[in-house]
């Protein structure tokens, strides 16, 4: 079953709080219910893979100012049929930053989030069932802004809440602080 790898990762994921635990269970149910959960053509929603990229000191995270959503976010995007969500997160991170040397800190899920994507053109409002991985890169490596972004920046962990005060960003910041060394 092409969904089994993600389901296994979700089984061992430890959510930070009850809100994330509820989203993890809803995401698991979504994957079990929809064989085509990795396909963008599933109009009610689909699985996405995100990259929470930190520097080696865990003091900064790489954020993109998303062109369509007009806010600072972690890098990531659609699975486009690929059930290997870590591979999706790595692919999206490379495409959106042009960083070559990105490595997973762990192959385990770092965070999960379910969020609404507003309708745009012929695309209806839908949900992104976002699976996030903790990745690491060199803050000194050159970056290239993709067409999907207005900007890329290494944001100090302590300033991310000012750039994007959403709960899911605060949760990833808190998790980063908990593992900082």
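Pick from 90, 99, 134 the residue whose mean-square fluctuation is largest in a GNM of the chain, springs joining Cα atoms under 10 Å.
Ranking 90, 99, 134 by mean-square fluctuation puts 99 first.
Which residue fluctuates the most in the chain, going by a Gaussian network model with Cα springs under 10 Å, if the choices are 41, 149, 168?
41
Take the Cα of residue 166, step 7 Å along the line toward its Cβ, and report every residue of segment 65-91 whose backbone nitrogen sits under 13 Å from that point.
From segment 65-91, the list is 65-77.
Divide by every residue of the chain the summed helix terms, -39500 (n - 2.57) for each DSSP H run of at least 4, and state the resulting mean residue ellipticity at 222 nm, rounded to the nearest 500 deg cm²/dmol. Intermediate values should be presented prior to the final figure.
Values: 5 runs with 55 residues, N = 181.
Only helices count here, giving -9000 deg cm²/dmol.
Compute a Gaussian network model of the chain, connecting alpha carbons closer than 10 Å, and tell me which residue from 83, 15, 118 fluctuates the most.
Largest GNM mean-square fluctuation: 118.
Given R₀ = 30 Å, what would the calculated FRET efficiency be for residue 144 paired with residue 78, taking r from the Cβ atoms and rounding to 0.05?
After rounding, the FRET efficiency stands at 0.90.
Once you put a point 7 Å from the Cα of residue 67 and another 7 Å from the Cα of residue 8, both along the Cβ direction, what distance in nm separates them?
3.8
Fully extended, how many nm does the chain gain between residue 119 and residue 18 (0.36 nm per residue separation, minus their Cα-Cα distance)?
Net length gain for the segment: 33.5 nm.
Please compute the volume of the convex hull spanned by the alpha-carbon atoms of the chain and report it per residue in Å³.
Working: hull volume 19.5 nm³, N = 181.
Measuring per residue, one finds 108 Å³ for the Cα hull of the chain.
How much length, in nm to one decimal, is gained on full extension between residue 103 and residue 43, taken as 0.36 nm per residue of separation minus their Cα-Cα distance? Let's see the in-between values first.
Details: separation 60, 0.36 × 60 = 21.60 nm, distance 3.18 nm.
Length gained, residue 103 through residue 43: 18.4 nm.
Considering only DSSP beta bridges whose two residues both sit in segment 4-179, what percent are antiparallel, to the nearest 5?
Here the share of antiparallel DSSP bridges comes out near 75 percent.
We did not get these values from a lab; they are worked out from the coordinates using the rules stated. Note that the coordinates shown come from a computational prediction; the quantities given were computed from them, not determined experimentally. Cβ coordinates were reconstructed from backbone atoms using ideal geometry, including for glycine residues, and neighbour counts include every protein chain displayed.
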